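The values are calculated or read from the model by the stated rules, or taken from the named source; none is laboratory data. Quantities reported herein were computed from a predicted structural model and do not represent experimental measurements. Cβ placement follows ideal geometry from the backbone for every residue including glycine, while neighbour counts extend to all protein chains displayed. Surface areas here come from the heavy atoms of the whole protein model, side chains and all, with no ligands, DNA or RNA. Shrake-Rupley method; radii C 1.70, N 1.55, O 1.52, S 1.80 Å.
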Amino acid sequence: MEQRVSLVTIGVKNLAAIRDFYEKKFGWQPAAVNKDIVFYKISGALLSFFPEKDLAADAGLEVSRSSAGKFVLGYLLKTAEEVDELFALLESKGVTIVKKPVKTFFGAYTGYVQDVEGNLWDVGYNPLIPMDEDHNVITHEDIKHLEQ
């Protein structure tokens, strides 16, 4: 696994208030947004905000003060096959697999692993997040069409 972070997702209680803060106070512009999540391009990566209850549920965890689910580090690869290869390697090294990779409704392929202190890594492929040859995030494609 290369020494990089593609995406940091922070679980929040009030997505609208977070958007208001970052966009009005910091002057940030979203790279992609819908009613469920917002992404901001930061250097070679993305910072996203997602309701913490949904973030914990996506990883198969319950929200509590001591549980992971407040933030997730993202590690993106360019294909689903690369995701499977990395999960096999991590599992062979004894890394805790929280959720094996699955295909999402929007075409991503992602799963979760945990470090020794319970911090979550979302490891996957997302066709809506193009990367350059060095795996730096270029942008995030529009996601309005994904609202449910």
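Expressed as an acute angle from 0 to 90° and rounded to the nearest 10, what is the orientation of the C-alpha long axis of helix 80-92 relative to the principal long axis of the chain?
The answer is roughly 60 degrees.
Please label the shape of the range 8-148 as rounded, prolate or oblate, based on the square roots a ≥ b ≥ c of the eigenvalues of the alpha-carbon gyration tensor (a/c under 1.5 means rounded; beyond that, a/b larger than b/c means prolate, else oblate). List each step's numbers first, then the result.
On the way: a/c = 1.80, a/b = 1.27, b/c = 1.42.
Here the range 8-148 falls in the oblate category.
Read phi for every residue in the range 34-42 and hand back ³J(HN,Hα) as whole Hz from Karplus 6.51 cos²θ - 1.76 cosθ + 1.60, θ = phi - 60°, with x for Gly and Pro.
In residue order, the calculated couplings are 8, 5, 9, 7, 9, 10, 10, 7, 10 Hz.
Report, ordered by chain and residue number, the lysines lying within cross-link reach of residue 103, taken as a straight Cα distance under 16 Å and ignoring same-chain residues fewer than 8 apart.
Here the lysines satisfying the reach criterion relative to residue 103 are 78.
Rounded to the nearest Å, what's the spacing between the alpha carbon centres of the range 90-133 and the range 14-47? Just the number, please.
Using only Cα atoms, the two centres lie 22 Å from each other.
Can you bin the range 31-104 into rounded, prolate or oblate? Criterion: square roots of the alpha carbon gyration tensor eigenvalues sorted a ≥ b ≥ c, rounded for a/c under 1.5, prolate for a/b above b/c, oblate for the rest.
Cα axes put the range 31-104 in the oblate bin.
Can you give the FRET efficiency to the nearest 0.05 for residue 25 and residue 62, using r as the Cβ-Cβ distance and R₀ = 35 Å?
Given R0 = 35 Å and the Cβ-Cβ separation, E is 0.65.
Antiparallel as a % of all DSSP beta bridges within the range 1-75, to the nearest 5?
Of those bridges, close to 65 percent are antiparallel.
If you rank 49, 71, 105, 26 by how much accessible surface each has, with a 1.4 Å probe, what is the order from largest down?
In descending accessible area the options line up as 105, 26, 71, 49.
Given a 1.4 Å probe and every protein chain left where it sits, what share in percent of the accessible area of the chain is carbon and sulfur?
Accessible surface attributable to carbon and sulfur in the chain totals 53 percent.
So which lysines pass the test for residue 13, namely a Cα distance under 23 Å, with those fewer than 8 places away in the same chain ruled out?
Hits, sequence-local ones excluded: 24, 25, 35, 41, 53, 70, 144.
Applying a 10 Å radius around every beta-carbon, put 10-21, 121-132 in order of their mean neighbour count, most first. Provide the component values of the computation, followed by the final result.
Numbers: 10-21: 14.3, 121-132: 19.0.
Result, highest mean first: 121-132, 10-21.
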